[in-house]
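What follows is calculated from the coordinates using simple rules that are stated; it is not laboratory data. Everything numeric here is computed off the predicted structure, so don't read it as measured data. No Cβ is skipped: glycine too gets one built from the backbone with ideal geometry, and neighbour counts run over all protein chains shown.
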Amino acid sequence: MAELRAFQLATFEVLIRWALRHGTSVLPKSTSADHIKANLDVMGWELSHEDYHKLCNLPIQMRMVNGSFWLHPRGPYKALHDLWDDETSA
């Protein structure tokens, strides 16, 4: 990606920026003051149209967690389909 080279960005910065532009919720985790600042600095630049679409067209998109740890018989999420708003609830 051109942005990684031109702006010396870390992969996580590009992916956070992509997710925000894509309308995806982003919950970056960091305990490092430098990483927290970098997470917030993603609003100071834009992905090119070409790079945005390259990321959108990656062949496989998967959740890193399925959310099953939020399920509880007395809670609001009793099954995975209650938690996720799409067809890939597994």
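Taking a sphere under 13 Å around the Cβ of ASP34 and counting the other residues whose Cβ falls inside, with K and R at +1 and D and E at -1, yields a net charge of -1.
Computed from backbone phi with θ = phi - 60° and the Karplus coefficients 6.51, -1.76 and 1.60, the 3J(HN,Hα) list for region 24-31 is 8, 5, 10, 10, x, 10, 7, 10 Hz; x is used for glycine and proline.
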